[in-house]
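Chemist: Below you will find the structure I want to go over with you.
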Amino acid sequence: MKYFKQKENSNKLVCMLCSHYCSLSKGQVGICGVNKNTGEEIVCEVFGYVSALNIDPIEKKPLYHFLPNTKSLSFGTVGCNFKCPFCQNWQISQSKDIKKDNYISPKQMAQIAYEYGCASISYTYNEPTIFYPYAKECALESKKLGIKNVFVTNGFESKEVIDDMVGVIDGVNVDLKSYNKEYYKKVLFGDLDVILDNLKRFKANGIWLEVTTLIIPSKNDSTKELRQIASFIAKELGSDVPWHISAFHPDYKETNIQRTPKELLQKAYDIGKEEGLEYIYMGNIVVDGDTICPNCKEILIKREDYTISYNKIKDSGICPKCNTKISGVWQ
């Protein structure tokens, strides 16, 4: 795809990477801080410049139904198209300081993943849609080596990027941070309606989808809001879409809010079950994250934190006890 277009009746260029659709004059940078109108095109200035690079278990993304018990080469750049006051990677996401002393080409990134036995590359830590031109090239190179690709995202991609992801990105974990339009607009600098539409677009495009909600006491923890989120997932995306409910810890601009108690996560879990969700996982606390067959209740994948002690699904995609299909991307 082309990542920008000429604005009608104007010398400005419109960035097509995310749903802000920033209209930029020559020399101007978008809301993300890293995509710039050079006068002839919009250039992704973080292309090849990585701020964080690690090998993580895929469960840490979190993805629990996508190649479980495998390694994922994970990296991010700087910049973000949101302004979340609770961001846990704010040192890079809210930075515009591009360190250009270490360039990693897409081919080199794919080779690193291959040499370290990673089954996937995860574009994560900051918002990957703002460096999609780089991510896409890395993904295309990695696919030549049999490596899959994952986006960990706030879900504010442009619809054009989500459609372009087909055949490029294999799985996504999308943060559904709230079900409050005003909170999204005024606090996060996003748009709830866009997120909901994009979630449905990911699903319709056949990209494996899991959803995460960071539950923040006093911000998005009401029974009403948790039920709205769970109901949306069940009815609009499917009861088989995993919902990760994660505990908040004080960080960035919200250091005066208490950590999320386990009782609050349990409340969200119970609401999700009442709404018909088959797979719900608690995160950021010490708790088992077992995958259980929704039909016969057999424990299929036994997890302790991010460690798997056994996996009965393996590459079959079915419960060995009752032959129920378990949704996911398996080995």
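The values are calculated or read from the model by the stated rules, or taken from the named source; none is laboratory data. As the structure is a prediction and not an experimental result, all values here were calculated from the model. Positions of Cβ are generated from backbone atoms using ideal geometry, with glycine treated the same way; all protein chains shown enter the neighbour counts.
Chemist: Among the residues of segment 212-235, what is the count of those that are of a type outside the set (K, R), crowded, with 16+ Cβ neighbours inside 10 Å and not in a helix (DSSP H, G or I)?
Modeler: Count: 7.
Chemist: Could you grab me the full set of residues in segment 14-43 that are hydrophobic (A, V, I, L, M, F, W, C) and either more than 20 Å from Y184 (Cβ to Cβ) or touching a residue at least 24 places away in the same chain (Cβ under 8 Å) (or both)?
Modeler: Result: V14, C15, M16, L17, C18, L24, V29, I31, C32, V34, I42, V43.
Chemist: Determine, yes or no, whether L209 is outside any loop (DSSP other than H, G, I, E, B), more than 18 Å from S178 (Cβ to Cβ) and of a type outside the set (G, A, S). Full working, then the answer.
Modeler: Numbers: outside any loop (DSSP other than H, G, I, E, B): yes; more than 18 Å from S178 (Cβ to Cβ): yes; of a type outside the set (G, A, S): yes.
For L209, the condition - outside any loop (DSSP other than H, G, I, E, B), more than 18 Å from S178 (Cβ to Cβ) and of a type outside the set (G, A, S) - is met.
Chemist: Y269 - would you say it is assigned to a helix (DSSP H, G or I), of a type in the set (S, T, Y) and free of Cβ contacts under 8 Å to residues at least 12 places away in the same chain?
Modeler: no
Chemist: Residues in segment 57-73: is at least one more than 30 Å from K302 (Cβ to Cβ) and not charged (D, E, K, R)? Steps first, answer last, please.
Modeler: The initial filter retains those residues of segment 57-73 that are more than 30 Å from K302 (Cβ to Cβ), namely none.
The answer is no, given that none of the residues of segment 57-73 is more than 30 Å from K302 (Cβ to Cβ) and not charged (D, E, K, R).
Chemist: I would also like to ask the following. Got at least one residue in segment 159-168 being in contact with a Leu (Cβ under 8 Å, 6 or more places away or on another chain), under 27 Å from W330 (Cβ atoms) and among the small types (G, A, S)?
Modeler: no
Chemist: Right, next: When residues of segment 171-193 are filtered for being more than 19 Å from the chain's Cα centre (by Cα) and of a type in the set (S, T, Y), how many remain?
Modeler: The qualifying residues number 1.
Chemist: So, one more: Considering only residues of segment 115-171 that are among the acidic types (D, E) and part of a loop (DSSP other than H, G, I, E, B), which is surrounded by the fewest Cβ atoms within 10 Å (Cβ to Cβ)?
Modeler: The extreme case among them is D170.
Chemist: Give the residue that is surrounded by the most Cβ atoms within 10 Å (Cβ to Cβ), with candidates limited to residues of segment 295-312 that are part of a loop (DSSP other than H, G, I, E, B) and without any contact (Cβ under 8 Å) to a residue 40 or more places away in the chain.
Modeler: K312
Chemist: Another one. Quick one: is I216 closer than 30 Å to V286 by Cβ and either in contact with a Phe, Trp or Tyr (Cβ under 7 Å, 6 or more places away or on another chain) or at pLDDT below 95 (or both)?
Modeler: yes
Chemist: If you don't mind, another one. Filter segment 238-266 for residues that are part of a helix (DSSP H, G or I) and charged (D, E, K, R) and give the result.
Modeler: Matches in segment 238-266: K262, E263.
Chemist: Same structure, new question: On the given criteria, is V187 modelled with pLDDT of 95 or more, part of a helix (DSSP H, G or I) and surrounded by fewer than 22 Cβ atoms within 10 Å (Cβ to Cβ)?
Modeler: So V187 passes the test.
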